Amino acid sequence: MLNFLLFVILFFIAAAVIGAAVLLFAVRRGLGRLRRAMGGSQDEKRKRASWGPAGTYGSRAAGTDGRCTVTDLRDPAVANRRIFADDEGEYVDFREVKDSK
């Protein structure tokens, strides 16, 4: 009889530990989703705003659509450089063609 009572008590303790672990996992996952939905933690935001790719410093907001802000973290000299040199490319004359409908 005593062995059976010990087995029942150990079974309930194991069930309580497993239940607590499952509950803790679900709460942590829910809080992680909430944090990502709110835009990350304050430490992550501070790191993203401070240091950009290749160690550049600073941030420039490029635009927003109400949900997401795109931030350019490159050095302004790199971000504003010309893509094509002055001697590259070709000038094309434009003529408007009217449809006769």
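If you filter the range 22-51 down to residues that are open to solvent by less than 60 Å² (accessible area, probe 1.4 Å) and of a type in the set (A, V, I, L, M, F, W, C), you find that the one that is modelled with the highest pLDDT is ALA26.
Restricting to the range 64-82, name every residue that is open to solvent by 100 Å² or more (accessible area, probe 1.4 Å) and either at pLDDT 75 or above or touching a His at 6+ places or on another chain (Cβ under 7 Å) (or both). Once the filter is applied, which keeps residues that are open to solvent by 100 Å² or more (accessible area, probe 1.4 Å) and either at pLDDT 75 or above or touching a His at 6+ places or on another chain (Cβ under 7 Å) (or both), the range 64-82 yields ARG74, ASN80, ARG81.
The values are calculated or read from the model by the stated rules, or taken from the named source; none is laboratory data. This structure is a prediction, so every number in the text was calculated from the model and none was measured. So basically every Cβ, Gly included, is an ideal-geometry build from the backbone, and we count neighbours across all protein chains shown. Note: accessible area is taken over every heavy atom of the protein model, side chains too, but ligands, DNA and RNA are not part of it. Shrake-Rupley method; radii C 1.70, N 1.55, O 1.52, S 1.80 Å.
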